[in-house]
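Chemist: One structure coming up, written as structure tokens, with questions to follow.
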Amino acid sequence: MGDRKKDVIRETDAEAIRLAKTLIRRARFGALAVIEPGTGSPLASRVGVATDIDGTPLILVSMLSAHTGAILADPRCSLLVGEPGKGDPLAHPRLTLVCRAARLERGSDEHARAERRYLNRNPKAKLYAGLGDFSVFRLEPKRASLNGGFGKAYLLERTDLVMTAPIVEELAAGEQSALDHMNADHGDAIAVYARHFAKAAGDGWIITGFDADGMDLALGDDVCRVFFPEPLRTARELRHVLVDMAKTGRVADETQSDS
């Protein structure tokens, strides 16, 4: 029976890791499962989601919510992300992360970065993010279970999902200025990223976040993920990669138009 169970789990490869990262980075919400204080019963709630630069999920929650009291009492929790599409909802990819919740201290650099990234991704949350009863938590992944569809099950470790290299802090230092510059002055390039690399339709896409692996784009409530050809090694590479990707996309568009 044990061997049969092992056969169900596929070997984790680069494709599975990329799918898992895509599900996390694209998530606008997720199902948070916690342990109810006093009873020990499982309790699940829907929460808004964003990610820190290193890939760690972020949530912004009210202290009045039952799930917030639960993770303060016992930080063990899990987060399910992955939206169903047409047809059988069980045929669509989803990822369950086993996490430990860590509340970020308001006023700290870590909190400022996490709140900035959360609001870039979820701008409507600006209406209540500053209220005293709301807190930002990092959901530190310990491990994860990826279901890529029927017969596609994988087990992932924290190291598969979270970046720990120095580039995380390097990118964080200049991320907002890079975002503001791109969104204000290079909407044409962003349109190329969305259309060519994400195969996304529509005009008016903006970049909501950079990380070593790629960038997150949004158009209203629609989101898409664009990976860089290779992960960045230093923050200085970001500009060159963005320029090269815009050129690549434009050349492909011209070639397609001429054919």
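Chemist: Expressed as cubic angstrom per residue, what is the convex hull volume of the alpha carbon set of the stretch 1-124? Could the numbers behind the result be given before it?
Modeler: Details: hull volume 19.5 nm³, N = 124.
Value for the stretch 1-124: 157 Å³ per residue.
Chemist: Please sort by residue number the GluC sites (Glu not before Pro) in the stretch 16-118 whose DSSP state is loop and whose Cβ has at most 15 other Cβ atoms within 10 Å.
Modeler: On the way: sites: GLU105, GLU110, GLU115; in loops: GLU105.
Those that pass, being in a loop and sparsely packed, are GLU105.
Chemist: Another question about this same structure. Per residue, how much accessible surface does the chain expose to a 1.4 Å probe? Answer in Å², no decimals.
Modeler: 54
Chemist: Let me ask something additional. With springs connecting C-alpha atoms under 10 Å apart, model the chain as a Gaussian network and identify which of ALA102, ALA189, ALA14 has the largest mean-square fluctuation.
Modeler: For the chain, modelled as a Gaussian network with Cα springs under 10 Å, the answer is ALA14.
Chemist: With unit charges on the beta carbon (Lys/Arg positive, Asp/Glu negative), name the residue among LEU127, SER108, LEU97 whose Cα is farthest towards the positive pole of the charge dipole of the chain.
Modeler: Ranked along the dipole, the leading option is LEU97.
Chemist: Which order do you get for THR51, THR248 if you rank them by accessible area with a 1.4 Å probe, largest at the top?
Modeler: On the way: THR51 5, THR248 75 Å².
Accessible-area ranking of THR51, THR248, largest first: THR248, THR51.
Chemist: Rounding to the nearest 10 and keeping the result within 0 to 90°, find how far the Cα-based axis of helix 109-121 lies from the longest principal axis of the chain.
Modeler: Tilt relative to the chain: about 70 degrees.
Chemist: Of the heavy-atom accessible surface of the chain (probe 1.4 angstrom), what whole percent is carbon and sulfur? Please report the intermediate quantities before stating the final value.
Modeler: Values: 7400 of 13950 Å².
Ligands and nucleic acids excluded, carbon and sulfur give 53 percent.
Chemist: Using 22 Å as the Cα-Cα cut-off, could you pick out the over-long pairs in LYS86/LYS124; LYS124/LYS247; LYS152/LYS199; LYS21/LYS126; LYS86/LYS142; LYS199/LYS247?
Modeler: Numbers: LYS86/LYS124 27 Å; LYS124/LYS247 33 Å; LYS152/LYS199 24 Å; LYS21/LYS126 26 Å; LYS86/LYS142 31 Å; LYS199/LYS247 16 Å.
Result: LYS86/LYS124; LYS124/LYS247; LYS152/LYS199; LYS21/LYS126; LYS86/LYS142 exceed 22 Å.
Chemist: Taking every Cα atom in the stretch 120-195, find the radius of gyration and the maximum pairwise distance Dmax, and write them in Å.
Modeler: Cα only, the stretch 120-195: 17.7, 46 Å (Rg, Dmax).
Chemist: List the trypsin sites (Lys or Arg not before Pro) within the stretch 145-221 that fall in a DSSP loop (any state other than H, G, I, E or B) and whose Cβ has at most 16 other Cβ atoms within 10 Å. Display every interim value, and only then the final one.
Modeler: On the way: sites: LYS152, ARG158, ARG195, LYS199; in loops: LYS152, LYS199.
Sites meeting the loop and neighbour criteria: LYS152, LYS199.
Chemist: In debye to the nearest 20, how big a dipole does the stretch 31-88 give about its Cα centre with +1 on each Lys and Arg Cβ and -1 on each Asp and Glu Cβ?
Modeler: On the way: 3 positive and 6 negative charges, 26 e Å.
Dipole magnitude for the stretch 31-88 comes out near 120 debye.
Chemist: Something else about it: Can you give the helix-only mean residue ellipticity at 222 nm for the chain, where every DSSP H stretch with n ≥ 4 adds -39500 (n - 2.57) and the sum goes over all residues, rounded to the nearest 500 deg cm²/dmol? Numbers along the way, then the final one.
Modeler: On the way: 8 runs with 92 residues, N = 259.
The helix-only estimate for the chain comes to -11000 deg cm²/dmol at 222 nm.
Chemist: What figure in square angstrom, to the nearest 10, would you give for the accessible area of THR159 with a 1.4 Å probe?
Modeler: THR159 exposes around 120 Å² with every protein chain in place.
Chemist: If you look at just the Cα atoms of the stretch 68-107, how large are its Rg and its Dmax in Å?
Modeler: Here Rg and the maximum Cα pair distance are 14.7, 46 Å.
Chemist: Do you know the relative contact order of the stretch 186-259, to the nearest whole percent, from alpha carbon pairs under 8 angstrom that are 6+ apart?
Modeler: Working: 83 pairs, mean separation 19.9, N = 74.
Contact order relative to length: 27 percent.
Chemist: Taking the convex hull of the Cα atoms, report for the stretch 13-68 its projected area averaged over all directions, in nm². Don't jump to the answer; show the numbers that get you there.
Modeler: Numbers: hull surface 19.7 nm².
Reported value for the Cα convex hull: 4.9 nm².
Chemist: Can you give the angle from 0 to 90° between the axis of helix 237-258 and the longest principal axis of the chain, with both taken from C-alpha atoms, to the nearest 10?
Modeler: Value to nearest ten degrees: 60.
Chemist: At q = 0.17 Å⁻¹, work out log10 I(q)/I(0) for the chain with the Debye formula, treating every Cα as an identical point scatterer and leaving solvent out; two decimals please.
Modeler: Evaluating at q = 0.17 Å⁻¹ gives log10 I(q)/I(0) of -1.42.
Chemist: Also, I was wondering about something else. For the chain, with a Gaussian network of springs between Cα atoms less than 10 Å apart, report the residue from ASP216, ASP52, ASP109 with the top mean-square fluctuation.
Modeler: Highest fluctuation among the options: ASP109.
Chemist: Would you check the accessible area of MET63, probe 1.4 Å, heavy atoms only, in square angstrom rounded to 10?
Modeler: Using a 1.4 Å probe on the heavy atoms, I get roughly 60 Å².
Chemist: Report, in whole Å, the centroid distance computed from the Cα atoms of the stretch 108-134 and the stretch 227-257.
Modeler: After rounding, the separation between the Cα centres reads 30 Å.
The values are calculated or read from the model by the stated rules, or taken from the named source; none is laboratory data. Predicted model, so just to flag it, every value in this text is computed and none were measured. A quick note on method: Cβ atoms are made from the backbone with ideal geometry, for glycine too, and the neighbour counts reach across all protein chains shown. Only protein heavy atoms, including side chains, enter the accessible area calculation; ligands, DNA and RNA are left aside. Shrake-Rupley method; radii C 1.70, N 1.55, O 1.52, S 1.80 Å.
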